[in-house]
């Protein structure tokens, strides 16, 4: 059985065991019954040669009619109206054969099998006509349907109708059960088709998401490396260049400046290696954030010559690693900007632990600038953009307060996420 699903998929459902057996019986039984009847007629040798010729001719006609309507004919022979025409012809042939010889009752019996293919109420008409034809064979032919033979004919006809009706009832029940199974199989096939379509779509979306995730990962890693290079190599080279320039300007103290440049180079190399490995800054390993910022500020003051004061308020507590790294790098970048641009004589750095947030303030007494001129997306100094991106990654924020001749204040705020928690 072929079913076309709503998605346009055509599925061929297998026939049940009963349907396969019924199809075989419809094709084979009539011919077997005809063969048996013909053999019995030939053995009986009753009637004239012309009578025998008529029976053989009708036998061949009945066989051809059954072949044409039960498998060898075109597809239209299986339509309900065509089946009714077929059975009418089948009944006429079986009645004619039984009229010529009651021995063709074997063939007439196969009519009970043919009624199952009739539409609607035609089934019961087929059962009654088959029962009437078969019953004539029990009384020796149509010529004996009178008197007591008519009574016997009536009894056998009623019994045949009852027998054929029972057969038809069970066949109908089995047909309904098979129809329900077909519907279930059709629904299952449709569900499977939809599932396969959904799986194919999900596979495409999954591949697309993997490609996007891979691209996003590459971009994120590039951004991370850019920030790390800026916060380590660029700042370290800046410090080294400053020490070498100081050594050139002060020949008498060149060894002190050279030693500081050498120390900066070693620290810078170690930080570069840690950045490539995505590790925390060395100053934060084994130290709390206030201590790491204080140590970094002291070394910055020694190399820049600018006085710095570090203050911590509130109760210091361990924070999420990404939060501490962000605050440390913001403090480092803010001090680097002071050394490069502010021309300040003093810097104040305050780390404030509050209940829900941690604040970092870096203020200098330098020349200041106009805050509205800042272009976070494309300003030439990568530092402010780097600070802002780092804070955004931990749900933090950055604010700049400054004015020409008024110094600069960098204010960073991050959520106070405890160590070991999730962002």
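Bear in mind these aren't lab numbers, they're just calculated from the coordinates by the rules spelled out. Computed from a predicted structure; not experimentally measured. Don't worry about glycine lacking a Cβ; one is built from the backbone with ideal geometry, like all the others, and counts go over all protein chains shown.
The slack in the chain from residue 256 to residue 209, taken as 0.36 nm per residue of separation less the alpha-carbon distance, amounts to 11.3 nm. Relative to one another, the C-alpha centroids of region 352-367 and region 75-146 are positioned 105 Å apart.
Once you order the gyration tensor axes a ≥ b ≥ c over the Cα atoms, which shape class does region 289-423 get: rounded for a/c under 1.5, otherwise prolate or oblate by comparing a/b with b/c? Judged from the Cα gyration tensor, region 289-423 comes out oblate (a/c at least 1.5, b/c at or above a/b). Quick one: if the Förster radius is 35 Å, what FRET efficiency do residue 32 and residue 196 give, using the C-beta to C-beta distance and rounding to 0.05? Once the sixth-power term is evaluated, E becomes 0.15. Working note: Debye formula, equal point scatterers on the alpha-carbon atoms of region 92-221, no solvent; log10 I(q)/I(0) at q = 0.17, 0.22 Å⁻¹ is -0.90, -1.17.
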